[in-house]
Amino acid sequence: MHFVVLTEVQAYGFHMTNFIQREAVSGAGLSLDFRTRTIDDVGDVDAHEFHRDRVPALLEQRSELATAAFAASGLDSITIAVDDAAYTWRLSGSGSLEVVPGDLGRARAELSAAWFSDIVNDVRLLLRK
């Protein structure tokens, strides 16, 4: 099975950005991730730079996929707050995903800078039961 997931920021059970293609072998609930990376690929992520530079570039490349993933989360908006940074991920009036500065979301994920970096680097996961 081949599928695409979003893996940069994970909050409230859905993934946002870094549209990585994965090959998966599924069976009895097993899914294997065949991506390759080293500890050198993991570093601190500045929340302002991430939301100001990286997210818009990724949305430009994969807006349709990101919008579908966000819509599937069941949220219409969420604020990602990291120290002094707050950015709202929301569905625009036209129905596409947009990220805007400020605390405007109906849901809120407040993260430390270290936790945010771990999530962006796919080191830490947030799970929703």
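Values in this text are rule-based calculations from the coordinates and carry no lab data. What you see is a predicted model, and the numbers here were worked out from it, not measured in a lab. Ideal geometry is used to build each Cβ from the backbone, glycine not excepted, and the neighbour counts take in all protein chains shown.
Observations on the structure shown:
- Its Cα gyration tensor gives the stretch 69-112 an equivalent ellipsoid; the semi-axes, largest first and in whole Å, are 19, 11, 7.
- Count Lys and Arg as plus one, Asp and Glu as minus one, and take only other residues whose Cβ is under 10 Å from that of residue 82; the net charge is then -4.
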